[in-house]
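Note sheet for the following structure.
The values are calculated or read from the model by the stated rules, or taken from the named source; none is laboratory data. Quick caveat, the model's predicted, so the values are computed rather than measured. Using ideal geometry, Cβ is built from the backbone for each residue, glycine included, and neighbour counts are taken over all protein chains shown. For the accessible areas, the whole protein counts, side chains as well, though only heavy atoms, and no ligand, DNA or RNA atoms are used. Shrake-Rupley method; radii C 1.70, N 1.55, O 1.52, S 1.80 Å.
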Amino acid sequence: MLFIEALNRASTKQIDRKLLAKGKPRLFVSNKDSVDLSSAAHQVKEIHVDSDIKESLTASSSIFANLLEHVLGYLIQSNLQVYSPEELDLDQKDWKLFLQVPPTGMSRPSSQAGYSTPEVRQHPPAKQLIFHIPVKPAYGLATEMTLMVSPHQGSPEVPSFFYNLPKETRLPTLITPYPPEFIEQQVTHHHILLDQDGEADQLSPLYAQVNQSKLEEGTIPPAIHGLRIWKAKNKVLTPAILGDQRIGLVFIGHHKPLDSSIISDEERARQANNLYTKA
């Protein structure tokens, strides 16, 4: 599990942003840090996650990552570990990951012809699963946190545990090294969308740069291949975890997604050159 020291986060974020703004000016709109899901959410949107556009990995994001790890281990029935890019030695390297934002899982599409087959529409509706997790500080009483997991309503088919498991489940205690005063200040309710529509090797751009000892062959459960976990808040989805057949689960919740249509002329020219070279 990923645990880091709880520090004063407010001042750290301001310093990081000043340094980022001074060192690498970028042509993007600052209010596009997340992807709004409107009434036209069924239209595919592409975003990219950039190694440079991120906040510091804080103790708060560490707790959120470990809540996800706790629940995913229960759902997949496997001992899983969620890595951060920092643990994989990626924090000093340049990389980009391109993702497609899925249709919202908070409401089922109604009149989208051809989006789902008649067989899928006849399937009983999948449940949203609610998990109650006692989070134990270094000393004192545990604080209960809740994680609601919604299914991705598109293709491929929704995993069977959304039909088979009870709507609410209480999980074993998650033990942390943080003081109770810090745990009590954390957000206690989270909502995520589980999306298995990614490619099995969706982290392949990182293979050459990642700590090679972390690459594994044949030991990653198939349920993780192509897995994408999106944090849902106020009809906005932001990527939290990506699953891959060689690296496993990687937490990117502290990296800010950018609209892929807003890229610099230099980046656009580089992509064009790459396409020409491969052609």
inquiry  = Report every pair of residues separated by at least 6 positions or lying on different chains whose Cβ atoms are under 6 Å apart, first residue within the range 233-259 and within 17 Å of Ile47 (Cα to Cα), second modelled with pLDDT under 90 and not in a strand (DSSP E or B).
reply    = Lys235/Leu37; Val236/Ser34; Thr238/Ser34; Lys256/Asp33; Leu258/Phe28; Asp259/Lys32
key: Failed item, numbered, when Ala223 is tested on (1) closer than 20 Å to Leu90 by Cβ; (2) among the aliphatic types (A, V, I, L, M); (3) at pLDDT below 95   = (1)
ask   = Would you call Gln128 closer than 23 Å to Ser78 by Cα, open to solvent by 40 Å² or more (accessible area, probe 1.4 Å) and over 21 Å from the mean Cα position of the chain (by Cα)?
value = no
message = Every residue in the range 81-116 that is under 21 Å from Met148 (Cα atoms), modelled with pLDDT under 90 and of a type outside the set (Val, Ile, Thr), please.
response = Pro102, Pro103, Gly105, Met106, Ser107, Arg108, Pro109
task = Would you mind finding the one in Leu147, Leu165, Leu171 that is in contact with a helix residue (DSSP H, G or I) (Cβ under 7 Å, 6 or more places away or on another chain), surrounded by fewer than 18 Cβ atoms within 10 Å (Cβ to Cβ) and more than 19 Å from Asp197 (Cα to Cα)?
result = Leu171
ask   = Do you know which of the residues in the range 191-242 that are open to solvent by 30 Å² or more (accessible area, probe 1.4 Å) and under 10 Å from the mean Cα position of the chain (by Cα) is nearest to His255 (Cα to Cα)?
value = Thr238
